[in-house]
Amino acid sequence: MTIQFKNETFRDDFTFSNSPEAIHRFPFPFDKDQYMYAVNIEQHMPGPAKSATEFPIDIDEHYVSEMRDRALVLKADPLRCQSQPHMITAEWDLVELLMESMAKHYPEHFTLTRDGDRWHWINRPLEIDQTFTFGDAATLPLPPMEYVTRQCQGDFCLLDQRNDNLWMDAGIVTTQADWSLDFDMGMNFMEWHGPVPLAHDMGVFDRALKFLLNLQQGRPVRRLNWTMTVNPRLDTSPENYHAWGIDRTTVTPENVGDKVHLRVELQALWRLPRSNAIVFSIRCYLIKMEELVTIPKWGRRLHRVLRDLPPELVDYKGLTRFRDTTVDYLARHDDGAPTSPGFFPD
Amino acid sequence: MLVSNIKSRPVYGGLKVDDAARRHLVAAEGEGALAALAAFTGRPEAIARATVLYSPGGSAPQDHAAKLGALGFDDLFVMPSQPTLITRLNVILATATMGARLYAAGVEGFIGSVVAAGMAHGIDQASIRTEHRGSLARRVQCVHCKGMTDNVTVSPVVCSHCGIPLLVRDHFSRRLGAFQGVSIDAETPGDVPPAEELYA
C-alpha cells in the first residue's frame, strides 16, 4: 500500500496532525487504567495489520516531514549525531538492518539491490539513488549511521557490550524527550538512566540490563514509554530547553485539546550480527488530545491514568504545569464506563 | 570518601598502589597530594618507579609539593595549573608503555579530566585508581552552550559563557568530567531562585 506522505511542521507554526488512519494505528501505551514503571519488554513480533508494530521498522505518513525536521536539527547542532571510532562495524550493521527492513516491507518506496558488497539503494520519497560498497565508508556521502538514519524515522543509539554492561558509544538523537546524547555519550546503562526516579530502587534497571546482555540475534524486543509534550515538537532537547520550556506555560482550557500531546516512544532493541553491539531505536509518536478522544476508550483511560499518576512521575515527566488542565479536559470525555483490557481501540 | 546516591557519579575507590605496575603515573591536584603521600610513603620500590604530576592550586600555602619532593619520586613535575598538568600528562601518556598504571587524586573535576585523558590514550577507565580529596565543588557543563564552569559550589549558577542561570542536575558525565547544568527559568523567565551553597 502506498503511503500518502504529509507536508507538515514540528516547529514554528506546528502544522503536524494525524489522519484518522494514523489515529487508529497510534501505539497507545496503557493497557489498563493506571500506570507504574515495569520492565515491560516483549518480543518485537509482528503486530496486527496496519498497526505501528506490523513491521520491525515503521514508516508512516509523517516520514518525509520528520526527516526534514531531523535535517534542521542536525544543521543547527551537529553534536546530536556522534559515534566513537570503534563503533564503525555497528554502524554498517545498522545500515543493513534498516535498509533491508524498509525495502522488504515498503517495496513501493524503497529498493535495495545487493551484489556482493556492491549495494544499490533507492529511496523514492526522499529522491535518493545511491550505489555504494558495503563496509567502505568512503563510498557514502556521510558516515554510515548518519547516512541511513537521516532516512529512517526514530532516534537510534548503538550500544557496545563489554564488562557486563552496555555503553552508549554512538547515536543520532533529534526527537528526544529531554535527554542529551552529547552528555550521555560513553555512559553505561546504569549511568544514563541515573536521573530516572523510583525505578532504580525497584530494581527495574538491574533486571532490564541482565535481560539485554543476553539479547539474541534475530530476536529483537520492544517496549513502550510515554510522556506528554506541549505542541507537536519532536526536538524537545535539553540543549534547546531554554527556548521550548516556556511552551509548558501556554496551555489553557481553550487550547488544551490542540496543544497537549501524548508522546509515545516505541523502543526496540536488536542484537547486531558483526559487531555484537545492540541497536536501541526510539521511535516517537505524537497525538493531540482532541485526536486521542476520538477513540472513546483511550479518552477514558488517559483521564484515569493522568489523574492518578504518582507525584514523582508528574514532576519527572515535566507535566506539572499543565496536568490539571489536561485532566479537566479529559474528564469531559470520561463517562465512568469500564474500559476493556489491552491497548487497542474497542 | 565522597558518598553519593547519584547513579551516574563514579565511585572513587582510593589510591591503592598496584604492586604489579612497572610504572606509576600519578596525577594529583591540591589536597590530592596527601592521598599520593599516604599511598606511597614507605614503598621505596614503588617510589622509584613513579612519575608524579602535581598542581598545588588552592593548597599552595600548605606546600604539599615540598612533601612530595622529600619522598624522592623518580620524577616529579609541579605544574602551575590543572590545564598545564593535563597537557604534560598527555605527553607522558603518548609514550607510556605496557604495565603503566594511572592514578588521579584531587577534586572531582580534576579526576574527570585525568580519566578523560587516560581514556583518550586507550586506558580502560575502570583501571584508573582515583581518590577524591578537597572541596566538593562541581565542574558543570552548560547543556545549552556546552561551556564548562569550574569550582561551582552553588545552585543555581550562572553559566560563565552564555549567562543562562543553570540548575545543577545530579547527573554526571565521566567523559566530560562534569555535572549537567540546565536552564532553571525556562518556564518562568527572569524568576531565578536565590543561589544556595550546596557543594562547598
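Counting only helices (runs of 4 or more DSSP H) that sit completely within the stretch A:291-346, those holding 2 or more residues that are more than 25 Å from A:Pro195 (Cα to Cα) and at pLDDT 95 or above correspond to A:296-307, A:323-331.
B:Arg174 meets all of the listed conditions (1) surrounded by 21 or more Cβ atoms within 10 Å (Cβ to Cβ); (2) at the interface with chain A (Cβ under 8 Å from one of its Cβ atoms) but one, namely (1). Would you check if there is a residue in the stretch B:118-140 being open to solvent by less than 10 Å² (accessible area, probe 1.4 Å) and in a helix (DSSP H, G or I)? For the stretch B:118-140, residues open to solvent by less than 10 Å² (accessible area, probe 1.4 Å) and in a helix (DSSP H, G or I): present. Can you find even one residue in the stretch A:255-273 that is under 21 Å from A:Tyr35 (Cβ atoms) and more than 17 Å from the chain's Cα centre (by Cα)? Yes, there is a match, as at least one residue in the stretch A:255-273 is under 21 Å from A:Tyr35 (Cβ atoms) and more than 17 Å from the chain's Cα centre (by Cα). Each residue in the stretch A:212-233 was checked for being assigned to a strand (DSSP E or B) and surrounded by fewer than 17 Cβ atoms within 10 Å (Cβ to Cβ), and 1 of them qualify.
For the stretch A:150-160, indicate whether the set of residues that are of a type outside the set (Ser, Thr, Tyr) and at pLDDT below 95 is non-empty. No, the stretch A:150-160 has no match at all.
Entry remark, the stretch B:119-155: residues being away from chain A (no Cβ under 13 Å) and of a type outside the set (Lys, Arg) number 17 in total. Report whether or not A:Asp235 is touching a Ser or Thr at 6+ places or on another chain (Cβ under 9 Å), of a type in the set (Asp, Glu), within 14 Å of another protein chain (Cβ to nearest Cβ) and closer than 25 Å to A:Met168 by Cβ. Answer is yes for this residue. Within the stretch A:235-247, the set of residues being assigned to a helix (DSSP H, G or I) and either in contact with a Phe, Trp or Tyr (Cβ under 6 Å, 6 or more places away or on another chain) or open to solvent by 40 Å² or more (accessible area, probe 1.4 Å) (or both) comprises A:His242, A:Ala243, A:Ile246. The set of residues in the stretch A:257-290 being open to solvent by 20 Å² or more (accessible area, probe 1.4 Å) and not in a strand (DSSP E or B) consists of A:Asp258, A:Lys259, A:Pro273, A:Arg274, A:Ser275, A:Asn276, A:Glu290. Here is the figure for the stretch A:90-130: residues that are open to solvent by 50 Å² or more (accessible area, probe 1.4 Å), touching a Ser or Thr at 6+ places or on another chain (Cβ under 8 Å) and not basic (Lys, Arg) total 3. So for the stretch A:51-74 (the condition being in contact (Cβ under 8 Å) with a residue 60 or more places away in the chain, open to solvent by 20 Å² or more (accessible area, probe 1.4 Å), within 23 Å of A:Ile295 (Cα to Cα) and not in a helix (DSSP H, G or I)), does at least one residue qualify? Yes - at least one qualifying residue is present in the stretch A:51-74.
The values are calculated or read from the model by the stated rules, or taken from the named source; none is laboratory data. Fair warning: this is a prediction, and the values are worked out from it, not measured in the lab. Every residue, glycine as well, gets a Cβ built from its backbone with ideal geometry; the counts of neighbours run over all protein chains shown. Each accessible area value is taken on the protein alone, full model and side chains, heavy atoms only, with ligands, DNA and RNA left out. Shrake-Rupley method; radii C 1.70, N 1.55, O 1.52, S 1.80 Å.
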